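What follows draws every value from the coordinates through simple rules; no lab data is involved. This one's a predicted model, so the numbers in the text were calculated from it and none came from an experiment. Here the Cβ is made from the backbone with ideal geometry for all residues, glycine too, and neighbour counts use every protein chain on show.
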Amino acid sequence: MNARPIGIFDSGMGGLTVMRALMARLPCESFVYLGDTARLPYGTKSADTVVRYAVQAAGALIRRDVKLIVVACNTASTVALPALEEALSPIPVVGVVEPGAEAAVAAAEGGTIAVIGTEATVKGGAYLRAIHARAANAEVVQQACPLFVPLAEEGLVDGEIAELVATRYLKPVFAAAKPKALVLGCTHFPVLAPMLQNVIARLGGETRLVDSAATTAQAVADRLARNGLAQNAGAAPSYAFLSTDAPERFARVGEIFLGRTPDAVELVDLAQ
């Protein structure tokens, strides 16, 4: 039995999609979620800044006595994972890029894979490397979609504005290739999935959307078992939510990502 919680952090509320998958896969585990909403988005920041922010966020979770940390942010997983693993050892750290790449290769079945994400995720090339590590000859196209994060955070997940933005980003991707799989390379993007499917259909694509959340949840379950950290079956879980800005808004908009209203959200200052 290990009743300590699992820590999860993201630049905002997008990582709640990962927490949702974790809650479904690990119903007896407790979780502490931190959304660094005051400094959203990470995807437009320099690598040094993302590393600094990620280490601060992880430190706040360590002070909550977490037993494992999930980096539920593609940008931080791309840029900061090695620094986090070094700084937090022996606490296990699980990112979302490797599980996402594994799911993408399976979904594409040898076809072209498209990756959409923040500027930092695309420029960092982590998905490209992770996909090619599993399928060396896979054709991969990437597209930065920076406006998707604020759209998701504002709850503008469908309608004319969202579809116009998505068409602008995806049209050149589908003009160049007809990808068999489209990786949602940002944890904010899954809430846009129904709208994206509509846009893809109009662009003539028959493409499977790949959300790394479920694969990440399985990776966390495997790591817990391997490290002897899993909670016993039948335990009653607890959930805590931390935000660096506007906790009332976090509670209101967070339902879009989590599928339920987050419990009381605590305001925290990572600079302290």
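Quick one: Cα centre-to-centre distance for segment 149-213 and segment 31-99, in angstrom?
After rounding, the separation between the Cα centres reads 25 Å.
From the Cα gyration tensor of segment 1-124, with a ≥ b ≥ c the square roots of its eigenvalues, which class applies: rounded if a/c is under 1.5, or else prolate if a/b is larger than b/c, or else oblate?
The shape class here is oblate.
Specify whether the C-alpha gyration tensor of the chain places it in the rounded, prolate or oblate class, a ≥ b ≥ c being the square roots of the eigenvalues: rounded for a/c under 1.5, otherwise prolate if a/b is larger than b/c and oblate if not.
It is prolate, given that a/c is not under 1.5 and a/b is the larger ratio.
Most mobile of Gly254, Gly124, Gly228 per a Gaussian network model of the chain (Cα springs, under 10 Å)?
Residue with maximal mean-square fluctuation among Gly254, Gly124, Gly228: Gly228.
Against the longest principal axis of the chain, how steep is helix 247-258, in degrees 0 to 90 to the nearest 10, with axes from Cα atoms?
That helix lies at roughly 60 degrees to the long axis.
Sorted from largest down, what three extents in whole angstroms do the Cα atoms of segment 18-68 have along their principal axes?
Computed over segment 18-68, the largest-to-smallest principal extents equal 37, 22, 17 Å.
Going by the alpha-carbon gyration tensor, a ≥ b ≥ c the square roots of its eigenvalues, is segment 129-244 rounded (a/c under 1.5) or, if a/c is not under 1.5, prolate (a/b greater than b/c) versus oblate?
oblate
What's the longest piece of the chain with no exposed trypsin sites (Lys or Arg not before Pro), counting a site as exposed if DSSP puts it in a loop and it has at most 12 other beta carbons within 10 Å?
Looking at the chain, 64-259 is the longest stretch - no exposed trypsin sites (Lys or Arg not before Pro) with at most 12 other Cβ atoms within 10 Å.
State the number of lysine pairs found in the chain whose Cα atoms come within less than 23 Å, restricting to pairs 8 or more positions apart or on distinct chains.
So the count of such lysine pairs works out to 5.
Report the net charge of residues surrounding Tyr33, where surrounding means a beta-carbon distance below 13 angstrom and charges are Lys +1, Arg +1, Asp -1, Glu -1. It would help to have the intermediate numbers written out before the result.
Working: positive: Arg20, Arg64, Arg260; negative: Asp10, Glu29, Asp36, Asp263, Glu266.
Taking every Cβ under 13 Å from that of Tyr33, the sum is -2.
Taking the Cα centre of the chain as the origin and placing charges on Cβ (Lys, Arg +1; Asp, Glu -1), which of Pro41, Ile8, Ala138 is farthest toward the positive end of the dipole?
Of Pro41, Ile8, Ala138, it is Ala138.
Show that you can apply the helix-only estimate: for the chain, add -39,500 (n - 2.57) for every DSSP H stretch of four or more residues, divide by all residues, and state [θ] at 222 nm to the nearest 500.
Helix contribution divided over all residues of the chain: -14000 deg cm²/dmol.
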